[in-house]
Amino acid sequence: MPTRPQAQIRVARVAVPSPLPQLFDYRLPDDGAVVPGMRVRVPFGSSVRIGIVVDCADSASVENHRLKPIDAILDAQPVLPREALEFALWAGRYYHHPPGEVLATALPVLLRQGADAVPDQDEAFALTAAGGAVELTALARRAPRQAELLNRLRQAGGLLTADALRAIDGGRATARTLLDKGWLRLESRPAYGFVPTAEPAPPPELNPAQAAARDAVRATTGFGCHLLDGVTGSGKTEVYLELVADTVAAGRQALVLVPEIGLTPQLLQRFSRRFQVPMVAFHSGLTDRERLNAWLAARDGQAAIVIGTRSAIFTPLARPGLIVVDEEHDLSFKQQDGFRYNARDLAVARGSRLGIPVVLGSATPSLETLYNVERRGYSHLRLPQRAGGAQMPRTQILDIRGKPLYGGLSEALLARMREHLDQGGQVLAFLNRRGFAPALFCHACAWVGTCSRCDARLTLHQRERRLRRHPCGHERPPPPAGPSCRSSELRALGQGTERLEQELQARFPDHGLVRIDRDSTRRKGAMEKLLASAHSGEGRILIGTQMLAKGHHLPDVTLVAIVDADQGLFGTDFRATERLAQQIVQVAGRAGRAERPGEVVIQTHHPDHPLLHTLLRDGYAALARELLDERRQLALPPYASLALLRAEATAAEAPLAFLEEARQQAAALALPGVELLGPIPAPMERRAGRYRAHLLLQAARRPSLQQLLERWVPKLGSLKSGRRVRWSLDVDPMEML
Ligand code: ADP
């Protein structure tokens, strides 16, 4: 039977939030017009979802009568401008992640839920013509507050929001008087939630290395990627500030990505003292509403500077001019679940698409970025010295083999601590393990507290009297005695930050103590409070995990103690050595950042370990060269591209069965240049009650890997064994857990 010609209909291709890899076609209403980037409400299975139009077409991929109509068009204008939309879709293709979920990541929560894309409104006071004509000197004699406010208004371009007014003493009352006089009028303004500007501070004059770095970036026309490789305290942030100033002066927007929310308050303060321009910051303290306001300010070009953590890489920008990634080596730029993108890598990709410079800054550049300096022509800008006269700290290794330890601290280290404290310095003790002790052990029967849901021991939290497994959250009270022998010889093995705190408190009872880790900063605002007490000097002894290790500028810290360097020396992940070296250098970098010289002490049972030797004798750059050479010989990233297919299930054999089928499916595609390794059980096979396994794909050339993934990933969904597992693909995995 000849097929009937289908009548011309209009179709929208929609990215619907779902784990399915494709776009979905919907019929457009006859009178409805859409363009890519608009949100639509559509029927999806038995539910209704909000998706984003990606494309419009005149014919559908399914027969017309099966085409469902769009329920509603939610926007008159695209919420996502074309560039941000296409960039997010590109990222989704690179990471082989479903477009609906990718676009959901790119949108603030409220927009995902269907809220209008308009900012809140705030009351604002605008100068009238009469107010603008007032002679201020005369007024200042009679009514100084009124003159002051008028002056502020003139400086602020004739408008102050109610929020800004609240910050001025007696501002509201004075404004009301001026309203009555007809010098001001009330207006309504979008409340974008700009970061308040602080008292401006004059910038330091850049030293020659900083100026050379700034000039190199300034000389870039269009896209260019620059590695700003400067030792801790060398003034990288000052260079960013200068480049951002250039960008703002040219009427463009700067996007600054930072790894951790903990770093934001300090950085924000520096930005707000430097710039009297509208600036927004995405941090975890924002409500959904505030986030939307800030996002709109970036999109519509109201904000000149946008600062945020990894997801800010998807922020639409009206006039992008510069992207900065601070601490580019930091693991937190990689999203570790769901849509597993790397914001550092995406920053380079977006800069290239936009034709603008990208600056990656670090004191310990990642091996990937150092490799890209060689292979992809990133410029390498070095700041070899600390700015402002501070010296690099002196570092020594403390061999603790056979030495008595008190809560993990040797006598020699305790003596160094006392000396620094006596001389008025602050002491920072770094231990990347929270809780009291990583294991509870019975000396009589060798019982060890293990997690019932993971292949792992439970961490003892003494103060709360809990045994807790961090990643899975399983917890229970510790038993009063060894469960089988009933002996009371329970001992806490090893140390965490809580034990360190207890020990240091007992030894230095007269010195204020601040502990910063995930437990002590759980409550909202706790991090800021603890950091404030570290900064004010109230806390003399600072104890922390990696949360305290990076970014913070603590000028009074003169001694940094790395309590246990052994943890990272023998890690199973091939990146363990790189991470350890970065961690040591970053923590050490907290010492002696001002006038007083700093000292770093590293406790280890392996004082002859080559990593420590190279690092201390020749520095991070030399060690990085050695590590890169090792990676080249072993054909590991950055000399190879990896993708990891993970699967997990409550049934023990299901993950391996699925991955084996998946492997065969990939092998059958017979694409050259990709090795399929595994499947094998994950390093921690059972976690949170689920069994986990991996299939690793390795290619010498990225395009070969991408070609295979493009053909293979869409087919994975059809594997029957896939229904019994949860699986996910990680392109360029950073952790092999
Ligand atoms: P980094 O970002 O590399 O850790 P910062 O930009 O935070 O370094 O600078 C470290 C300290 O040195 C800060 O207190 C900063 O104000 C100061 N500083 C930076 N550049 C200069 C300079 N050119 N002259 C004087 N002080 C400077």
So, with points 7 Å from each Cα along the Cβ direction, the A652-R353 label distance in nm works out to 4.6
Placing each pseudo-label 7 Å from Cα in the direction of the beta carbon, A700 and K529 end up separated by a distance in nanometres of 5.8
Given the candidates A492, V280, A429, the one whose Cα lies deepest towards the positive end of the charge dipole of the chain, counting +1 at each Lys or Arg C-beta and -1 at each Asp or Glu C-beta, is A492
The chain: antiparallel bridges as % of DSSP beta bridges, rounded to 5, reads 55
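Please find the FRET efficiency linking V48 to D608, where r is the Cβ-Cβ separation and R0 is fixed at 60 Å, and quote it to the nearest 0.05.
In this case the efficiency is close to 0.40.
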From most to least accessible, 1.4 Å probe, no ligand or DNA/RNA atoms counted, R625, R172, R631 line up as R625, R172, R631
Eigenvalues of the alpha-carbon gyration tensor of segment 565-635, times 5 and square-rooted, give semi-axes in Å, largest first, of 24, 14, 11
Quick numbers on segment 1-108, Rg and Dmax over C-alpha atoms in Å, give 14.0, 50
Bridge orientation stat for segment 1-157 from DSSP, antiparallel percent rounded to 5, came to 95
Using eta = 0.890 mPa s and T = 25 °C, Stokes-Einstein with Kirkwood Rh from Cα pairs puts D for the chain, in µm² s⁻¹, at 85
For W183, the accessible surface traced by a 1.4 Å probe with all protein chains present amounts, in square angstrom to the nearest 10, to 50
From the Cα centre of segment 698-737 to that of segment 158-190, the distance in Å is 58
Rounded to the nearest 10 Å², the accessible area of E685 using a 1.4 Å probe with every protein chain kept is 60
For L677, placing the label point 7 angstrom along Cα-to-beta-carbon and taking segment 607-638, residues whose amide nitrogen sits under 17 Å are 628-638
With all protein chains in place and a 1.4 Å probe, R13 shows an accessible area in Å² (nearest 10) of 60
Here, D180 and A162, labelled 7 Å along Cα→Cβ, have an inter-label distance in nm of 2.0
Given unit charges at Cβ for Lys, Arg (+) and Asp, Glu (-), the dipole magnitude of the chain about its Cα centre in debye, nearest 20, is 1140
Computed for segment 443-541: size of charge dipole around the Cα centre, +1 on C-beta of each Lys and Arg, -1 on C-beta of each Asp and Glu, debye to nearest 20, value 360
For the chain, whose charge dipole is built from +1 on Lys and Arg Cβ atoms and -1 on Asp and Glu Cβ atoms, the candidate among A213, A635, P196 with its Cα farthest towards the positive end is P196
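What is the dipole size for segment 11-112, taken about its Cα centre, with +1 at each Lys and Arg Cβ and -1 at each Asp and Glu Cβ, in debye to the nearest 20?
About 300 debye.
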The chain: relative contact order from alpha carbon pairs under 8 Å, six or more residues apart, as a whole percent, is 10
Ranking E205, E86 from most to least accessible area with a 1.4 Å probe gives E205, E86
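The values are calculated or read from the model by the stated rules, or taken from the named source; none is laboratory data. Note that the structure is a prediction, hence the values are computed from the model and not measured. So basically every Cβ, Gly included, is an ideal-geometry build from the backbone, and we count neighbours across all protein chains shown. The area values use the complete protein model at the heavy-atom level, side chains included, leaving out ligands, DNA and RNA. Shrake-Rupley method; radii C 1.70, N 1.55, O 1.52, S 1.80 Å.
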